[in-house]
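Enquirer: Pasting a structure below so you can have a look.
The values are calculated or read from the model by the stated rules, or taken from the named source; none is laboratory data. From a predicted model like this one, the values you see are computed outputs, not experimental measurements. Note that we place each Cβ from the backbone using ideal geometry, even for glycine, and neighbour counts take in every protein chain shown. Heads up: the accessible areas ignore ligands, DNA and RNA and are worked out on the full protein's heavy atoms, side chains in. Shrake-Rupley method; radii C 1.70, N 1.55, O 1.52, S 1.80 Å.
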Amino acid sequence: MELLVNGSKRSSKASPETSLLSVLRDEFDLTGTKYGCGEGQCGACTVLLDGKAVRSCRTPINTLQGKSITTIEGLEVKGKLHPVQEAYLKVDVFQCGYCASGMVMSTVALLNQNPKPTESQIIDFMNGNICRCGTYPRIVTAIKEAASKA
Amino acid sequence: MKPQESVTAFVTHETEEPIATTGSIISRRKFFKWLGSGLAVAFVWQDTTVLASPENATSVNKKNPTDQIGAWLHIAEDNTITVFTGKVEVGQNIRTSLAQVVAEELMVPVAAIQMVMGDTDQVPYDAGTFGSRSTPAMGSQLRKAAIAAREAILEMASQEHKINKNNLKLADGKILLPTGNKKLSYGEIVKGKQLVQIIPDNAAATPVNQWKISGTSVPKVNGRDFINGRHKYVSDMKLLGMLYGKILRPPAFGASLKAVDLTGAKNIKGVTVVHEGDFVGVAAPDLPTANQAIAAIKAQWKTSAQPARAEIFTYLKEKASGVQTGGRNGGGAKGDLKQGLAAADKTLQNTYTVDYIAHVPMEPRAALAQWENGKLTVWTGTQRPFGVQNDLAEAFKIPEEQVRVIMPDTGSAYGGKHTGEAALEAAKLAKVAQKPVKLTWTRAEEFTWAYFRPAGVIEVNAGVKNDGTITAWDFHNYNSGGAGIRMPYEVANQQIAYHPSDSPLNQGSYRGLASVANIFALEAQMNDLAQLANLDPLAFRLQNLQEPRLRAVFQKAAEAFGWGKNKPPKDHGYGIAGGTEKGGYTATCAEVAVDRNSGEVKVIRTTTAFECGAIINPEHLDNQILGAIVQGLGGALFEAIDFQDGKILNPTLAQYRVPRFKDTPIIQIIQVNRPDLPSAGAGEAPIVAIAPAIRNAIVDATGVKLKTLPLVPQGLAAHLKKASIQNK
């Protein structure tokens, strides 16, 4: 079936119930989106569906007809980082970085729907994303930084 | 600048001697063919050092005496500076801080340094990345190697241009000649040369007060690749014609295969099935096919009865045998315990328990294995690339040189990736399939088939006088380990021992090792002893504490927290705890709030003061301390592995709770810089005080004296009810 990924039409040979995560990673080689748990609990696989955050590990591709999918690879345009990415880089948030794509994508989704979130709104929205290295306060700082530039 | 005598010792000379590398010896010619012409500086352990220090002896374990190169760096004609080290990056940002050290001494930007890490074909032997050793050991080796390189380059420039070395200046990776404005790059100086310098361990390092790059917050060196998805973790890697692996997992630990029918899997197109003893795995062109093949296998397993979580503490105590005291496990005995207890005005006897917990690295174990002409190459996320190389060589009965283990920067470890299970499994599949195989463990596999932070039982009996003198300390740890078991407070009569036991679950390293468990019990006990003596918990500690570095962090944390300044609000409590481990000194104050109706415990804020000698990268140190505190919160409050009959009952993130945004309190971090002291590692020690600080704050808020880790997996309601019945 056809999928619209980062503005391009991509054709997948996978069966309809296959998760978007495995199609992105294994078929399209878009490996920036990570597997963390396969149960929608950690947020490492977060992508945008028409601008809203979804867990790609729990999203079968047969639900995606006509929808616009954005992955971490789609944020950077011609070598220019998305303002959210800039903010994360400026704050030097990460340790191992495995959760980074999911955190960045969730942040983009949050700021899409609420450009000036309060701290408690940030924490509520981001609570589904796990960073086992424990960088949460630095992520909150980065999100505030990104929101201040919006 | 360093003393002149150590400079002259390293004057570059052409050597025809062979160069020792990673367990083999290669010729100079081969060495430069591989690296390109230029200058190579190798750091060598001195024989005497190796023999004198047991710590070093383990790192050259089984290696011959010519093979003691700890690290090297190479400066090429094109100015590329490449550092080779067996340390690996698991999120502690050691790639950045080691590059900082080299950049400092070579007076070049950090971006000019290429770090080659954890590739057994390219880097010198290294025992592994653990025990907070990278900064103190590898950092100082690389600093000396870089100094030697710098001095050699100055010497070469001096000879070539017939200028006294003292009249040459270094800036921005160039040498300034005093005549005119001529600048020479390092590359120009080493051009056409093939020079090897071997430097011993006695080279002097730049004094901390002259640091320019070390001591500053250089950002994560390849940080951009992590926020745009470009970095390839092992689980992201692909090779041409690669297959996907999947393993048939037994239903329980220790199960053996009684019978297996592989027909269903073998009949699926493109599937390779491997069956060796109890190992059954498949490799297939894609993951769904691999999963389908595993599902098509019919297996019968023999399982045996095994202890459950409910009985684990009795079990570990019963199965304990022998005593380990002294050495790395600290402890031992002094004074007369009986007399000490008799001299006490009050005694306090408690049993503390800690559950098994999981590391939960966000990237589960993964490996990509490839066989080419009898040589095995495996990319895998491990803290011990050379250990895994050795394991693979033994498993396949091939020489170590025929195994290359490469460790790309990995999605965290926390002490949980010392092993190479996925590497061995992928290599077995790839060998039979005759194609590269990638194996990525699922979250459930990571929860089940990795290893755990040990569970343990800690028994403490202590005596205190009314004036606050601790007269006796009897401390026994069963199963969890000896790290952090030493009594940092002054006690005349003490007996401290670690008793190994027989763990039913696979157990191993965890951030801070057993110091998390031991210091929890120790600092909980100290809190309650202070109460018995009617003393403030901080004052009681300081009264019994001489170690100045630990005193300092207690005082700094207390001051920043406002300890003793005011009473906590209603149903809030304050707690304090501290300790030392792996050269780091830490103290944490915590404020908790208890909801008396729901029993919910919320950690409101924590203040941690941490000291680990001279600080190399303040921002990344802050991040390590932060990470230790947040990870420590999980083990303190709610993390526990549940198991029965060799099965893990909560192998998912829905069932096994790890700290999230909402669990994170306001975290205040005080870095205590000691430029006069060598830099120690910081990944582990800051975790040790968080659990007892929270526990002691709960005592302050409610009077409930918890003795288990995790403290409140079900909240505090049942404890409060019990306490209120007792009080009636």
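Enquirer: Would you kindly calculate the mean projected area, averaged across all directions, of the convex hull enclosing the Cα atoms of chain B, in square nanometres?
Expert: 35.0 nm²
Enquirer: In square nanometres and to one decimal, what's the mean projected area of the convex hull around the Cα atoms of segment B:351-489?
Expert: The directionally averaged projection comes out at 11.2 nm².
Enquirer: Here's a follow-up. Using the Cα centre of the protein assembly as shown as origin and beta-carbon charges of +1 (Lys, Arg) and -1 (Asp, Glu), tell me which of B:Gln531, B:Pro207, B:Ala369 is placed farthest towards the positive end of the dipole.
Expert: B:Ala369
Enquirer: Classify segment A:28-102: rounded, prolate or oblate, from the alpha-carbon gyration tensor (a ≥ b ≥ c, eigenvalue square roots; a/c under 1.5 rounded; otherwise prolate if a/b is larger than b/c)?
Expert: Numbers: a/c = 2.22, a/b = 1.35, b/c = 1.65.
It is oblate, given that a/c is not under 1.5 and a/b is not larger than b/c.
Enquirer: How big is chain A along each principal axis, measuring the range of its Cα positions in Å and listing the largest first?
Expert: Each principal axis gives a Cα extent; for chain A these are 41, 30, 24 Å.
Enquirer: Also, quick follow-up: For segment B:203-342, go through all pairs of different Cα atoms, get the mean of 1/r, take its inverse, and jot down that Kirkwood value in Å.
Expert: Numbers: mean 1/r = 0.0449 Å⁻¹.
Taking every pair of different Cα atoms in segment B:203-342, averaging 1/r and inverting gives 22.3 Å.
Enquirer: Just give the residues from segment A:31-69 buried by at least 30 square angstrom of accessible area in the all-chains context relative to the isolated chain, probe 1.4 Å, and say none if nothing qualifies.
Expert: Correct list: A:Thr31, A:Lys34, A:Tyr35, A:Gly36, A:Glu39, A:Gln41.
Enquirer: Select from B:Leu709, B:Val516, B:Leu653 the residue farthest towards the positive end of the dipole of the protein assembly as shown; place +1 on Cβ of Lys and Arg, -1 on Cβ of Asp and Glu, and compute about the Cα centre.
Expert: B:Leu653
Enquirer: Let me ask something else. Between A:Leu21, A:Leu49, A:Leu81, where does the largest GNM mean-square fluctuation fall for chain A, given springs only between Cα atoms within less than 10 Å?
Expert: Result: A:Leu81 has the largest fluctuation of those listed.
Enquirer: Treating only the Cβ of Lys, Arg, Asp and Glu as charged (+1, +1, -1, -1), what charge dipole size does segment B:192-317 show about its Cα centre? Round to the nearest 20 debye. Please report the intermediate quantities before stating the final value.
Expert: Working: 16 positive and 8 negative charges, 51 e Å.
Roughly 240 debye, rounded to the nearest 20.
Enquirer: How high is the relative contact order of segment B:624-721? Use alpha-carbon pairs under 8 Å, at least six apart in sequence, and give a whole percent. Don't skip to the end; give the middle numbers.
Expert: Values: 85 pairs, mean separation 43.1, N = 98.
RCO, segment B:624-721: 44 percent.
Enquirer: Continuing with the same structure: Taking the Cα centre of the protein assembly as shown as the origin, how large is its charge dipole in debye, to the nearest 20, when only Lys and Arg (+1) and Asp and Glu (-1) carry charge on their Cβ atoms?
Expert: With only Lys, Arg, Asp and Glu charged at Cβ, the dipole is about 1220 debye.
Enquirer: Could you tell me which of rounded, prolate or oblate describes the protein assembly as shown, using a ≥ b ≥ c as the square roots of the eigenvalues of the alpha-carbon gyration tensor, with rounded for a/c under 1.5 and, failing that, prolate when a/b is larger than b/c and oblate otherwise?
Expert: Rounded.
Enquirer: Relative to the compact globular guide of 2.2 N^0.38 Å, what is the alpha carbon radius of gyration of segment A:83-149, as a ratio?
Expert: Rg over 2.2 N^0.38 Å, computed on Cα atoms: 0.96.
Enquirer: Would you list A:Glu86, B:Glu446 from the most to the least accessible area, probe 1.4 Å?
Expert: Putting A:Glu86, B:Glu446 in descending order of accessible area: A:Glu86, B:Glu446.
Enquirer: Based on the Cα gyration tensor of segment A:2-71, what are the three equivalent ellipsoid semi-axes, each the root of five times an eigenvalue, rounded to whole Å and given largest first?
Expert: 17, 13, 11
Enquirer: Please tell me which of these pairs span more than 23 angstrom C-alpha to C-alpha: B:Lys33/B:Lys193; B:Lys258/B:Lys375; B:Lys346/B:Lys705; A:Lys13/B:Lys269; B:Lys144/B:Lys212?
Expert: B:Lys258/B:Lys375
Enquirer: Okay, moving on. Averaged over A:117-124, how many beta carbons belonging to a partner chain fall within 10 Å of each residue's beta carbon?
Expert: Other-chain Cβ atoms within 10 Å of each residue's Cβ, averaged: 1.
Enquirer: Any idea how far the Cα center of segment B:91-142 sits from the one of segment A:39-59, in Å?
Expert: Here the two parts' Cα centres lie 36 Å apart.
Enquirer: Sticking with this structure for a sec: At a 1.4 Å probe, what is the % contribution of carbon and sulfur to the accessible area of the protein assembly as shown?
Expert: With neighbouring chains kept in place, the figure for the protein assembly as shown is 50 percent.
Enquirer: Another one. Taking a temperature of 4 °C and a viscosity of 1.567 mPa s, what whole-number D in µm²/s does Stokes-Einstein yield for segment B:302-419 with Rh from Kirkwood over alpha carbon pairs?
Expert: The calculation lands on 66 µm²/s.
Enquirer: Kindly report, to the nearest 10 Å², the accessible surface of B:Thr314 as traced by a 1.4 Å probe over protein heavy atoms only.
Expert: Rounded to the nearest 10, the figure is 80 Å².
Enquirer: Set Lys and Arg Cβ to +1 and Asp and Glu Cβ to -1, take the dipole of chain B about its Cα centre, and tell me which of B:Val323, B:Ser158, B:Gly635 lies farthest positive.
Expert: Result: B:Gly635, furthest along the dipole toward the positive end.
Enquirer: So for B:Thr419, A:Thr141, what's the accessible-area order with a 1.4 Å probe, most first?
Expert: Accessible-area ranking of B:Thr419, A:Thr141, largest first: A:Thr141, B:Thr419.
Enquirer: Something else now. If you restrict to DSSP beta bridges whose two residues both lie in the protein assembly as shown, what percentage is antiparallel, to the nearest 5?
Expert: 75 percent
Enquirer: Ranked by accessible surface with a 1.4 Å probe, highest first, in what order do B:Lys174, B:Lys220 come?
Expert: Heavy-atom accessible area, descending, gives B:Lys174, B:Lys220.
Enquirer: Within 10 Å, count the other beta carbons around each residue, average over each peptide in B:714-726, A:122-134, and list them highest first.
Expert: Ranking, from highest mean packing down: A:122-134, B:714-726.
Enquirer: Let me ask something else. Give the percent of DSSP beta bridges with both residues in chain B that are antiparallel, rounded to the nearest 5.
Expert: That works out to approximately 70 percent antiparallel.
Enquirer: So if I place +1 on the C-beta of Lys and Arg and -1 on the C-beta of Asp and Glu, and nothing else carries charge, what would the dipole magnitude of segment A:2-71 be about its Cα centre? I want it in debye, nearest 20. Write out the running numbers ahead of the final one.
Expert: Working: 9 positive and 7 negative charges, 28 e Å.
In debye, rounded to 20, segment A:2-71 gives about 140.
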